[in-house]
Amino acid sequence: MGRKWANIKEKKAKLDANNSKVYAKFGIEIYVAAKQGDPDPATNQKLKFVIERAKTYNVPKHVIDRAIEKAKGSGDENFQELRYEGFGPNGSMIIVDALTSNVNRTASDVRAAYGKNGGNMGVSGSVSYLFDSTAVFVLANQDADDIMMGLLEADVDVREVTQDEDQVIVYGEPSDFHAIQVALNDMGINEFEVAEIDLLPQNEVTLTGDDLAKFEKLIDVLEDNDDVQRVYHNVDLGE
């Protein structure tokens, strides 16, 4: 899964470079998670997960707290969680997760992004079956053998543990996200470079030239949309 980690790393670096937009998107995601359930992360697993993700992107505490406080109020702002699937240039596949208060606007914007950049939006399920939902943890300054041993001793199953220079990448089942996190915490690891449930492609494609340029423009347009929370794809971006 080395190349898949390269894609995650590239995506993380890209988001880290655009703090204000990332903060705003996490604010909405935290608000929705808190609004849909208990606004206390101790009793709302979805909210707790979103907050943990937000921390890996250095989202300030005041942004998190403000979103939770907003959810406790009587605001009537309603968001829907939507997933769009489609095809980019030359065999590339793209999945878009959105949170929106205006479905028609978001659907139109996402469809236009695909159409104007060498792709087209497909129907629900058209590409998602070719991606695997995966819990991903990235740990700094760790040794893969030590991490694997610690997880085995904690009786936690994982798909794979790999080393990338001084970073360790742990891949597991989404349902084991919390168990993996607890086991790592028990090893004294409480901060993560990445703590995600990601969609990883079963197979990747390589794009070059005009196809690559169109694909990169398409991803940029999608990620720049305020309603779009996350974008997944199957393009090998290299090391």
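The values are calculated or read from the model by the stated rules, or taken from the named source; none is laboratory data. None of these values were measured; they are calculated from a predicted model. All Cβ positions, glycine included, derive from the backbone under ideal geometry; neighbour counts span all protein chains shown.
Observations on the structure shown:
- Subset of segment 36-63 [small (Gly, Ala, Ser) and either buried (at least 17 other Cβ atoms within 10 Å of the Cβ) or under 15 Å from the mean Cα position of the chain (by Cα) (or both)]: ALA54
- With respect to the conditions (1) within 20 Å of the chain's Cα centre (by Cα); (2) surrounded by fewer than 21 Cβ atoms within 10 Å (Cβ to Cβ); (3) modelled with pLDDT of 85 or more, ALA33 lacks only one, and its number is (2).
- Test result for VAL221, aliphatic (A, V, I, L, M), surrounded by 13 or more Cβ atoms within 10 Å (Cβ to Cβ) and outside any helix (DSSP H, G or I): no
- Residue list for segment 113-155, restricted to those being buried (at least 19 other Cβ atoms within 10 Å of the Cβ) and within 20 Å of ASN190 (Cβ to Cβ): ALA135, VAL136, PHE137, VAL138, LEU139, GLN142, ILE147, LEU151
- Some residue of segment 37-60 being at pLDDT 90 or above and within 30 Å of GLY209 (Cα to Cα): no
- Residue in segment 183-191 that is surrounded by 16 or more Cβ atoms within 10 Å (Cβ to Cβ), part of a strand (DSSP E or B) and modelled with pLDDT of 90 or more present: no
- Just one of (1) surrounded by fewer than 16 Cβ atoms within 10 Å (Cβ to Cβ); (2) in a strand (DSSP E or B) fails for GLU196. It is (1).
- Matching residues in segment 142-162 - criterion: being in contact with a helix residue (DSSP H, G or I) (Cβ under 7 Å, 6 or more places away or on another chain) and either in a helix (DSSP H, G or I) or on the phi > 0 side of the Ramachandran plot (or both): GLY150, LEU151
- Taking first residues from segment 105-128 that are free of Cβ contacts under 8 Å to residues at least 60 places away in the same chain and partners that are of a type in the set (D, E, K, R) and assigned to a helix (DSSP H, G or I), the Cβ contacts under 6 Å between residues at least 6 apart in sequence or on separate chains come to MET121/ARG111.
- Considered as a group, the residues in segment 163-174 that are part of a strand (DSSP E or B) and surrounded by fewer than 16 Cβ atoms within 10 Å (Cβ to Cβ) include one that is modelled with the lowest pLDDT, and that residue is ASP164.
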